[in-house]
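For reference, the structure discussed in these notes is given below.
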Amino acid sequence: MRYVLIGTVGTYTVPGGAERWKIDLGTQSPTRVPLAALPNGLGTITGWINSAETIINSIGGEVLVDLGAALADYHGPIVITGWDAVAEEVRGLNSDQAAAIRQAYDDANA
């Protein structure tokens, strides 16, 4: 499963693995951050944080807000996955979704 990981120092990676994203967050009980549907029919995505983290992720937080999250301080590593809103299940990102998230990341670093 493809997902985006934005580390606490602002690093951007696209790792994979069915449940690896929870390991990258450091918790098996992540907090979901609802995001807006991507434009041009690219589908629904969602963000994930570890609410027990204390280090503010300014770049990751800006990316979440750019993608439709509520304005807030987001802590720790941030994961963005695909999302099936009907089944309320995590989905892997397709290439177009990953590219749209990368654009939001690049805009946050501009």
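Here are a few things to note about the model shown:
- Matching entry among Thr46, Thr27, Thr54 (being at pLDDT 95 or above and either surrounded by 15 or more Cβ atoms within 10 Å (Cβ to Cβ) or over 17 Å from Ala108 (Cβ atoms) (or both)): Thr46
- For the range 35-60, a residue qualifies if it is farther than 21 Å from Ala99 by Cβ and not hydroxyl-bearing (Ser, Thr, Tyr), and the qualifying residues are Ile49, Asn50, Ala52, Glu53, Ile55, Ile56, Asn57.
- Checking Asp24 against (1) of a type outside the set (S, T, N, Q); (2) in contact (Cβ under 8 Å) with a residue 12 or more places away in the chain; (3) in contact with a Leu (Cβ under 9 Å, 6 or more places away or on another chain); (4) in a loop (DSSP other than H, G, I, E, B), the condition it does not meet: (4)
- Residue selected from the range 27-50 under the condition under 14 Å from the mean Cα position of the chain (by Cα) and outside any strand (DSSP E or B), by the criterion farthest from Gly92 (Cα to Cα): Asn50
- Residue selected from the range 32-43 under the condition at pLDDT below 95 and in contact with a strand residue (DSSP E or B) (Cβ under 8 Å, 6 or more places away or on another chain), by the criterion farthest from Val86 (Cα to Cα): Leu38
The values are calculated or read from the model by the stated rules, or taken from the named source; none is laboratory data. Remember, it's a predicted structure, so these values are computed and weren't measured experimentally. When we count neighbours, we look across all protein chains shown, and the Cβ atoms used for this are built from the backbone with ideal geometry, even at glycine.
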